[in-house]
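First the structure, in the form of structure tokens, and then the observations on it.
Read-outs: derived from the displayed coordinates by stated rules, not from any lab. On a predicted model such as this, the values are computed, not experimentally measured, just so you know. Note that we place each Cβ from the backbone using ideal geometry, even for glycine, and neighbour counts take in every protein chain shown.
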Amino acid sequence: METNEALRLARSRLWSDRAAAGRHLGAVVGREPVEAAVRGLLLDRMDTAVIDATAEALLQRRDATALRLFAAAWHVAEPEQADHLSGCLSGPLFELSCAEPQDRMRFRAVLHGLLDDPDPDTRGGAQDLFDRVARALPD
């Protein structure tokens, strides 16, 4: 799928289109039109499958660009959205619990870097996530 097509699908009425867009766009975040669409998909009010697909794509990347968007959504999510974001985080946390210590340290370092982000939602979400990761991965 091309990124322009995914941006178009992100505005579709069909949940399956929006979920496909979230999977594609979550993997290619890094420029504003894509990031704006991903922010909307992470907080989709019509179908939580869209939230799941988008969050999973972002969390697979484990980089600052992706985690910045995830953290901001985490901070402002309504309860049902937050439940789905939390569920999506469980898989990567389990994977990190089985990974090498340096992989966990890298993930923590990315979250720690977001604690100084200029966006207050990103900072707040990053702090919540950092604390959660510290409890889940105490080494």
Quotient of Cα radius of gyration and Kirkwood radius for the chain, i.e. Rg/Rh, equals 0.96
With x for Gly and Pro, the residue-by-residue ³J(HN,Hα) of the stretch 2-10, computed from phi through the Karplus equation 6.51 cos²θ - 1.76 cosθ + 1.60 at θ = phi - 60° and given in whole Hz, is 7, 4, 4, 5, 5, 4, 5, 5, 4
Most exposed first, judged by fewest Cβ atoms within 10 angstrom, TRP15, TRP74 run TRP15, TRP74
If every Lys and Arg gets +1 and every Asp and Glu gets -1 at its Cβ, then about the Cα centre the chain yields a dipole, in debye to the nearest 20, of 160
FRET efficiency (LEU7, ASP119; Cβ distance; R0 25 Å; to 0.05) is 0.70
Going from the fewest other Cβ atoms within 10 Å to the most, one would list CYS88, CYS98 as CYS98, CYS88
1/(1 + (r/R0)^6) with r = Cβ-Cβ of ARG106 and ALA49, R0 = 25 Å, i.e. FRET efficiency to nearest 0.05, evaluates to 0.25
Between the alpha carbon centres of the stretch 18-63 and the stretch 112-139 the gap in Å comes to 19
